[in-house]
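> Right, I'll just put the structure down here and ask away after.
Coordinate-derived values only; no laboratory data. Given the structure is predicted, the values throughout are model-derived calculations rather than measurements. Neighbour counts run over all protein chains shown; Cβ positions are idealised from the backbone, glycine included.
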Amino acid sequence: MRKPESVLKFRRVNDLLSIAPVLILAGFSILVLLVIAFYRNFILSTILAATAFILATISILFTGKPPALVNHILIADRFGMFFILLILLSGLVITILSHSYLRGLEKRKEEYHVILILGSLGGTILALSNHFISFFIGLELLSISIYILISYTRDRQDSIEAAIKYLLLAGVTSAILLMGMALIYAATGEMGFSGIAGYVSEAENLSILFSAGFGLIITGVGFKMALVPFHLWTPDVYEGAPAPTTAFIATISKASVVVIFVRLYLAVNGAEQEVIVYILSGIAFLSMMAGNLLALLQTDLKRLLAYSSIAHLGYILVAVIAGKDSGAEAVTFYLVAYVLTILGAFGIVSVVSDHDREFSAIEDYQSLFWKDPLLATALSVILLSLAGIPLTVGFIGKYYLLFTGIENDLWFLVITLVISSVIGLFYYVRVIAKMFDPVSTDRITPFRKIPVGGGIALFVITALIILYGTYPAWLADFIQTMIFSGF
Amino acid sequence: MTLLTLIGILMIGGFLAWLSARWNTSLTRWISLMACGINLIWTLFIWFGQHSVPAISAHGQWILEYRQPWIERFGIQFYLALDGLSLLMLMLTFFLGFISVLVSWHQIRRHAGFYYFNLLWILAGITGVFLALDLFLFYFFWEIMLIPMYFLIGIWGYEKRLYAAYKFFLFTQASGLLMFLSILSLYFIHGAQTGVYTFDLTELMETSLSSSLSLFLMAGFLIAFLVKLPAVPFHNWLPDAHTEAPTAGSVILAGLLLKTGAYGLLRFVLPLFPEAVLEFAPWGMFLGAISILYGAKLAFSQTDLKRLVAYTSVSHMGFVLLGVFALNQVAVQGVVIQMIAHGISTGALFILVGSLQERVHTREISAFGGLWTKVPVMGSIALIFAMASLGLPGMGNFIAEFLILAGTFQSSVFFSVMAAVGLIAATLYSLRIFQQVFQGSPSLRMETLSDLNLREMFILGIMVILIFWLGLYPRPALDTSQKTIHGLLQRSEISAIPGEDPPDHAEAGVGIKIQEGE
């Protein structure tokens, strides 16, 4: 990532090619908008959105291997491209899920896909961002898309409520983030990450101005990642937003913010700065414990997953704190595992629900195994993966984190991780126990028929969770060789 | 490859059983029975083949070995190996697996497909645990046992099944994670010392550890194994899990899952932390002796028959702990026999309790009484296993406990005496089972009680034969494990304790050769 400038070549056309996925998404967002203006058709907009994601995914192949710096603002390296791949595939799955979810909505459902593409575009910009400007643009694009996506089911009260909550809090944290950027600029005179890295490597001690600025950035980033104490919006928004949107917030939004934060953290060489490590360790500790403890009290699957996501981002933070390449590698693997799993979880909620009625209470899933064994098995696999049980990718992910933590002697965090994941077992297993409860209640959950697209997506996700859990070598080698050989 | 196939048969058998239940549940049962049967016969062949080849090896030369890179990024291998100790454990596993399927034959009617799937997957996990030599792989299988067991208890258990399943899961999972931390630390320490990052047990044994670090790392392993065993401060989950589990679940729990703890002590703790083990040995024996006495006391005071049998396991496993930390050949060979004998005798007791419960629908001891006249066959078999449990000469448990006590005597007279007192306590609870249930005046609603049917007689008959065989002619079992035990003890440089002559094969004269079954 931090290659000396001379290595980076500047070729105009190749510059465009090297950020092709971003451009394709941008182009398609306009295309879909135009198509809607002339001919409204939900199936058409779904197909167009899916095409956008697929084309953008394919275009990654042509982005070229050496990291390319585009106008000093974006850096198109393998690390970023890998996350773009993750974002695009998640976007594809969410497109498929949203189709069946919104199908029944009476009017103006096509724009959902435009916003979805725009939000993903924000995510991809964040993944490649190497500069405060692109950081902020990406983040705002993401945030504004999320406001709309949350409130998309306008006739639902909690949807609107969640959107307003998110709007207010995200607005404030954006301001705080900007303040942080300003302070760092004041301290270093640099806005680009490489410039900041240069400043940090020369400075004896970090100035208070710089530390304060970084602290404010942590606030902004922590909000998006839903880390304690910036997590208060999470359960309400998760619950209130339409399920595909929740999937979007939980995967694309979080993953892209993690990437940018890893970049920034590596740039300022955070692992060497005691203050930063202490602050982040505190946040990680609180997130892991609070997330898991509060999840114990939940009776709603989406709220439960919200709290569990707080804990999971806390886990990820352990590897972020470790810094170095191995930390980034662990973060990458864990994010893949997490995104895959959480996409499956909200995918299940999406396919059984529609815009009108969501089945997200744990009660709704009572005895599901005896009614729909396949769906219940998929959800069990997903929950076990979140709990980090072997045979699932979540276990390997957790292994990566423990591995990195121990390698860097972060014993306090490692032990917190272990203890809190034991607490986590309680609630994951409770949901599973509910589904396997053989006492069949008279109240038959009126799940609708599972749509074909969503069914296939869920099948693939579940299969991947198990495949990467039993034979992670492919993914591990891929991550190691493809991305980190260029580090 | 054979070793991989053994696990594969169980896993694939599990899937087939699950699938087949859609059409025909009796097919499901036959598939499960076949899967266990094939594996049992296969391991028996390996065992018989072994007698012609004298070397049942210590570390380094294995009867069978399978090694394949798995996650090369971290130096994780799919490394399975079989030696005398694991061979005995595997035979026990498949035998009890076979028995469990038979036990569940008519008992499990609800969701049979998923039931047998779980049953076979537990067995697959256990098989993996007994074979894995890569510590990561070992942990992997260690965890795989858990989930299906959780379902087995949670879905097909009795009244308080969910609570019991939870408790079981959390205890084992939490302790397992601590072990995993130890494994990872060991991995890094070894890597830092040699530059080779690997989870291979044979290589990790070469790691040099400072004594405090060694104690610290051993603690992680110990907690996992002592919880599984279970030794007294960690035994809390066991009575609930055993009592609430369906019969086959109890048989597997007592017969196999507890043994994985003992096996872990022998296979991993002894060779990995030789000095720390020496330091911990008195405490280990202390915990063992306490478990024997406290377990027996609790067993005696139970009013629930199944809970009583469950607590006897705590007591019997106390002998295992005592023997392991006596750290000499005699005691440790006794431990191996105890593992097998306890698996059979306690398994049989659980089957008896299960068949009683099926008939009378209660487990309260006070509700029984005077059953001898109604069900003489069941009574006589119960008598045999009650006697086995109290350590009557002629049966497997006697040989085991005798060897353990004799071995412990060389290391610590005090603990040996303490443990011997436990034998008296065992007499108390074993006789109580028999007296309260089968003797005395007949009590309520026992009029229409049917005796054991053919299937049950077949199951228990084999177990009777085996327990006598083990008691009268334990030599084959002792021979099979001898080299391994010797290697484990010698390798860890702790057989310096005097008196490590070859074990006295007690009562070897009265040989009854029985080919079937075991």
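> A:S45: net charge of surrounding residues, Cβ under 15 Å, Lys/Arg +1, Asp/Glu -1, itself excluded?
+3
> Explain nothing, just compute: Karplus ³J(HN,Hα) = 6.51 cos²θ - 1.76 cosθ + 1.60, θ = phi - 60°, for every residue of region B:234-246 in order, whole Hz, x for Gly and Pro.
10, 8, 4, 6, 5, x, 5, 4, 5, 5, 7, 5, x
> Can I ask one more? Enter the Cα centre distance for the pair region A:251-289 and region B:224-273, rounded to the nearest angstrom.
Cα centres, region A:251-289 to region B:224-273: 40 Å.
> Something else now. Output the 0 to 90 degree angle, nearest 10, between the alpha-carbon long axis of helix A:208-225 and the longest principal axis computed from the alpha carbons of chain A.
The answer is roughly 20 degrees.
> Mind checking which aspartates and glutamates have their C-alpha under 16 Å from A:K107, skipping anything on the same chain fewer than 8 residues away?
The qualifying aspartates and glutamates are A:D155, A:D354, A:D356.
> Post the alpha-carbon centroid distance, region A:216-242 to region B:68-111, in whole angstrom.
When both Cα centres are located, 45 Å separates them.
> Hey, which lysines would be in cross-link range of B:K374, C-alpha to C-alpha under 26 Å, not counting anything within fewer than 8 residues on its own chain?
Partners found: B:K306.
> Does the protein assembly as shown come out rounded, prolate or oblate, given a ≥ b ≥ c as the square roots of the eigenvalues of its C-alpha gyration tensor, rounded meaning a/c under 1.5 and, failing that, prolate meaning a/b above b/c?
Details: a/c = 2.44, a/b = 1.73, b/c = 1.41.
Taking the square roots of the gyration eigenvalues as a ≥ b ≥ c, the protein assembly as shown is prolate.
> Taking the beta-carbon count within 10 Å as an exposure proxy, list B:E203, A:E407 from fewest neighbours to most.
If I rank by nearby Cβ atoms, fewest first, I get B:E203, A:E407.
> Cut-off under 21 Å on the C-alpha distance; same-chain residues fewer than 8 positions from A:K302 excluded. Which lysines are left, in chain and number order?
A:K165, A:K224, A:K254, A:K434, A:K449
> What list of ³J(HN,Hα) values in whole Hz, one per residue of region B:387-401 in order, does the Karplus curve 6.51 cos²θ - 1.76 cosθ + 1.60 (θ = phi - 60°) give from phi, with Gly and Pro shown as x?
5, 4, 5, 8, x, 6, x, x, 10, x, 4, 5, 3, 4, 5
> Please arrange B:L449, A:L89 by how many other C-beta atoms lie within 10 Å of their C-beta, fewest to most.
Going from least to most buried by this count: B:L449, A:L89.
> Using mean Cβ contacts within 10 Å as the protection proxy, how do A:257-264, B:210-217, B:69-76, B:269-276 order, highest first?
A:257-264, B:269-276, B:69-76, B:210-217
> Quick check on the exposure proxy: order B:W47, A:W474 from fewest to most C-beta atoms within 10 angstrom.
Sorted ascending by nearby Cβ count, the order is A:W474, B:W47.
> Non-local amide H neighbours of B:L64 (under 5 Å, H modeled in plane, Pro and chain starts lacking H): which ones?
B:L82
> What does the charge count near A:V351 come to, summing +1 for each Lys or Arg and -1 for each Asp or Glu among other residues with Cβ under 15 Å from its Cβ?
Overall, the nearby charge balance is +1.
> If I model a spin label at B:Y197 and B:T448 as a point 7 Å from the Cα along the Cα→Cβ vector, what separation in nanometres do I get?
6.8 nm
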